[in-house]
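Everything below concerns the one structure shown next.
None of the figures in this text is laboratory data; all of them are computed from the coordinates on show. Please read all numbers here as calculations on a predicted model, not as lab measurements. So basically every Cβ, Gly included, is an ideal-geometry build from the backbone, and we count neighbours across all protein chains shown.
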């Protein structure tokens, strides 16, 4: 037994195996990190596309409301890099209207809630914020 | 002999094994090193490519924000085409067809989607070397909602169109949606219940869908998107909802939904908030007079709640979670209903106002911090009253109320988004009045203009898209424009 352990080939072999395992783990991590970086960047892209789509719907709703106060929302718009959906516009008339817009790109959703204090003669918006879930619109 | 020979053979065999082992070991090690190298390069490239894309996305977002900043300064600065962007001392401006920064080529495409409506696509591309190339695009809309709208001088109002029906349509109320005006009518003398006019040119309205017949009298109406809501006297479906996506060809088949209220054909006023429909009826004990209904596009309408109002509800105006009603109750001509929870309708704290004398409330209008109530004619009262609802839904004067003697029944009210209000009714030689509500509040002479329609004006509607006023007598459609 002692004869076997004292043979230098085993020490070298075990050392190589241990170093190999560590090296493999580091390489796997590098590979995963690289893949993750690519996925994250793609998610960032989709997220920004979804936000741009949500903002598009919000702008569209404001334009429609200014031309027709009875505009009800409940509309979807398709764009080159995403799509957006308007929920039912809240409120009636020229004051205190609520707009809820949801943009989508891939699996990513971004949502905007906008409070319109007055539409005409000059549109005033005290609140334009992104939300995780709609609370102003049903 | 054999022992020596065998030892020699064994040594030869071991020497070969060692060589083979060494070759295999070197091969395995080379493969291992190759894997290491490949993994290192692949991981590094993925990380770098991810970074490239992330930077490109933020640059694309920066471009969109730059265009938004330009829009905020002037919508007209958004010229169509493909542009580069440059930051100058005065802010972002278009510069050339593209711009390049740290290896990223950037531009924006601006395409018109309609009046005051642009589609903006922010493009960023890069090509550092073959594996490190790509592109990112973000698309959004920008509209000119910051534009300040102008209102004409309604103190110099003039009639620009008069369209008279040769029959007896008995027009009641009017509402406008898009390029069409919808007029309800009584069918007592042969009216068709609903008339539709194409007002693409407000100075020359044209009746469309002439063959349509509602088969009942209709009174209050409201347009919400592509739906027309009617309060009718049809005993089995007082509330009717029509699809008005093609008003010129409206037919009975366009009925989307209806509801049979308790009682027998008493619906008179209607208002809509989202998918909730509020209906007021004539006094019809033991039925209630105020209803909340749930509109559905796929199933029948359903009753959410109702409230006894002790009289007819002839007008409804919604604002900030409250329904302001013009009612006939002698002790409460102006009643306010809390509609935050339509399934549990209740009077707002304070209930409402008992106006002087007993004349019915007939029309109501809320706008910002004011509520205007019109009443039937009375010798001892002013028929138009304005309350401040700035502090509470049910007014607690002072300040106000501010009143105006109309000299006849007030049948309908409308207003611009500014200071003008329109009062329509039966007053001799002044069936339409233009009121300055600011002057009314200051106790100054508020009447800016009167118009003699020669007959009672039953309904008025202000179309803010075209800055036009529409009115109906029993047989005529009138269109008004402001002065210069």
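Once fully extended, how much extra length lies between residue B:179 and residue B:166, figured as 0.36 nm per residue of separation less the alpha-carbon to alpha-carbon distance?
Working: separation 13, 0.36 × 13 = 4.68 nm, distance 2.36 nm.
Difference between extended and current length: 2.3 nm.
Quick check: from the Cα gyration tensor, does the range B:259-315 come out rounded (a/c under 1.5), prolate or oblate? All intermediate terms of the calculation are to be shown ahead of the outcome.
On the way: a/c = 2.18, a/b = 1.72, b/c = 1.27.
Verdict is prolate for the range B:259-315.
What translational diffusion coefficient, to the nearest whole µm²/s, does the range B:2-143 have by Stokes-Einstein, given a Kirkwood radius computed over alpha-carbon pairs, a temperature of 37 °C and 0.692 mPa s viscosity? Working shown, then result.
Numbers: Rh = 19.6 Å.
Answer from the Stokes-Einstein relation: 167 µm²/s.
Over the range B:2-143, what is the relative contact order in whole percent, taking alpha-carbon pairs under 8 Å and six or more residues apart?
Details: 179 pairs, mean separation 26.2, N = 142.
Taking the mean separation of contacting Cα pairs over the length of the range B:2-143, I get 18 percent.
In the Gaussian network model of chain A, springs joining C-alpha atoms below 10 Å, which of A:122, A:45, A:104 carries the largest mean-square fluctuation?
Evaluated over chain A, the most mobile residue of the options is A:122.
How large is the helix-only mean residue ellipticity at 222 nm for chain B, computed as the sum of -39500 (n - 2.57) over DSSP H runs with n ≥ 4, divided by its residue count, in deg cm²/dmol to the nearest 500? List each step's numbers first, then the result.
Working: 2 runs with 77 residues, N = 484.
That calculation yields -6000 deg cm²/dmol at 222 nm.
Give the average, rounded to an integer, of partner chain Cβ atoms located within 10 angstrom of each Cβ in B:434-443.
Details: counts 0, 0, 0, 0, 0, 0, 0, 0, 0, 0.
That average works out to 0.
Can you classify the range B:309-375 as rounded, prolate or oblate using the Cα gyration tensor, where a ≥ b ≥ c are the square roots of its eigenvalues, rounded means a/c under 1.5, and otherwise it's prolate if a/b beats b/c and oblate if not?
Working: a/c = 1.91, a/b = 1.34, b/c = 1.43.
Because a/c hits 1.5 or more and a/b fails to exceed b/c, the range B:309-375 counts as oblate.
What distance in nm separates the two pseudo spin-label positions at residue B:251 and residue B:68, each 7 Å out from Cα along the beta-carbon direction?
Those two pseudo-labels are separated by 4.7 nm.
Would you compute the Debye intensity of the range B:130-184 from its alpha-carbon atoms alone, equal scatterers and no solvent, and pass along log10 I(q)/I(0) at q = 0.16, 0.19, 0.27 Å⁻¹ to two decimals?
Taking Cα atoms of the range B:130-184 as identical point scatterers yields -0.89, -1.04, -1.21.
Arrange the following residues from fewest to most other Cβ atoms within 10 Å of their Cβ: B:344, B:466, B:83.
On the way: B:344 12, B:466 17, B:83 23.
Going from least to most buried by this count: B:344, B:466, B:83.
Nearest 10 degrees, 0 to 90: what angle lies between the long axis of helix B:2-73 and the longest principal axis of chain B (Cα atoms)?
Approximately 30 degrees, to the nearest ten.
Hey, quick one: spin label on residue B:379, modelled 7 Å out along Cα-Cβ, who in the range B:407-449 has an amide N within reach, i.e. under 15 Å?
B:407-408
Using the number of other C-beta atoms within 10 angstrom as an exposure proxy, rank B:61, A:59 with the fewest first.
On the way: B:61 19, A:59 24.
With the fewest neighbours first, B:61, A:59 line up as B:61, A:59.
Can you give me the angle between helix A:8-67 and the longest principal axis of chain A, using Cα atoms only, in degrees from 0 to 90, rounded to the nearest 10?
Here the helix axis deviates by roughly 0 degrees.
With contacts defined as alpha carbon pairs under 8 Å and 6 or more residues apart, what's the relative contact order of chain A in percent? Present the calculation step by step, with values, prior to reporting the outcome.
Numbers: 222 pairs, mean separation 25.9, N = 138.
Computed over chain A, the figure is 19 percent.
Please compute the volume of the convex hull spanned by the alpha-carbon atoms of the protein assembly as shown and report it per residue in Å³. Don't jump to the answer; show the numbers that get you there.
Details: hull volume 163.2 nm³, N = 622.
Hull volume over Cα atoms, normalised by residue count, gives 262 Å³.
Can you divide the C-alpha Rg of chain B by 2.2 N^0.38 Å and report the result to two decimal places? Don't skip to the answer; put the middle values down first.
Details: Rg = 36.3 Å, N = 484, 2.2 N^0.38 = 23.0 Å.
Rounded to two decimals, the normalised Rg is 1.57.
Please give the length that would be gained between residue B:89 and residue B:396 if that part of the chain were fully extended, namely 0.36 nm times their separation in residues minus their C-alpha to C-alpha distance (nm, one decimal). Display every interim value, and only then the final one.
Working: separation 307, 0.36 × 307 = 110.52 nm, distance 5.36 nm.
Once the chain is fully extended between residue B:89 and residue B:396, it gains 105.2 nm.
For the residues B:333, B:119, B:100, what sequence is obtained by ranking on other C-beta atoms within 10 Å, fewest first?
Values: B:333 28, B:119 17, B:100 13.
Neighbour counts put them in this order, fewest first: B:100, B:119, B:333.
Using only helices, what value at 222 nm comes out for chain A when you add -39,500 (n - 2.57) per DSSP H run of length 4 or more and divide by the total residues, to the nearest 500 deg cm²/dmol? Don't skip to the end; give the middle numbers.
Numbers: 2 runs with 64 residues, N = 138.
It lands at -17000 deg cm²/dmol.
Fully extended, how many nm does the chain gain between residue B:44 and residue B:112 (0.36 nm per residue separation, minus their Cα-Cα distance)? Don't jump to the answer; show the numbers that get you there.
Working: separation 68, 0.36 × 68 = 24.48 nm, distance 4.25 nm.
Separation in residues times 0.36 nm, less the Cα-Cα distance, equals 20.2 nm.
For the pair residue B:310 and residue A:75, how long in nm is the line joining their label points, each one 7 Å along Cα→Cβ?
4.5
Kindly list the residues of the range B:192-224 that lie in the label zone of residue B:260, defined by a backbone N under 18 Å from the point 7 Å along the Cα-to-C-beta vector.
Label zone hits: B:215-217.
Would you please give the FRET efficiency between residue B:465 and residue B:441, computed as 1/(1 + (r/R0)^6) with r the Cβ-Cβ distance and R0 = 22 Å, to the nearest 0.05?
The formula returns an efficiency of 0.20 here.
Tell me the relative contact order for the range B:365-457 as a rounded percent, counting alpha carbon contacts under 8 Å between residues six or more apart.
Numbers: 207 pairs, mean separation 18.9, N = 93.
Worked out over the range B:365-457, it gives 20 percent.
Rounded, prolate or oblate, given the Cα gyration tensor of the range B:166-227, with a/c below 1.5 counting as rounded? Display every interim value, and only then the final one.
On the way: a/c = 2.01, a/b = 1.37, b/c = 1.47.
Oblate shape, in that a/c is at least 1.5 and b/c is the bigger or equal ratio.
For a distance above 20 Å, tell me the whole-number percent of Cα pairs in the range B:163-276 that qualify. Walk me through the numbers on the way to the answer.
Details: 2230 of 6441 pairs.
Value for the range B:163-276 (Cα pairs over 20 Å): 35 percent.
Roughly what would the spin-label model give for residue A:39 and residue A:24, points 7 Å off Cα along C-beta, in nm?
2.2
Over 5 Å intervals from 0, what percent of Cα-Cα pairs in chain A sits in each interval?
Calculated over all Cα pairs of chain A, the distribution is 2, 10, 15, 14, 10, 8, 5, 4, 4, 4, 4, 4, 4, 4, 3, 3, 2, 1, 1, 0 percent.
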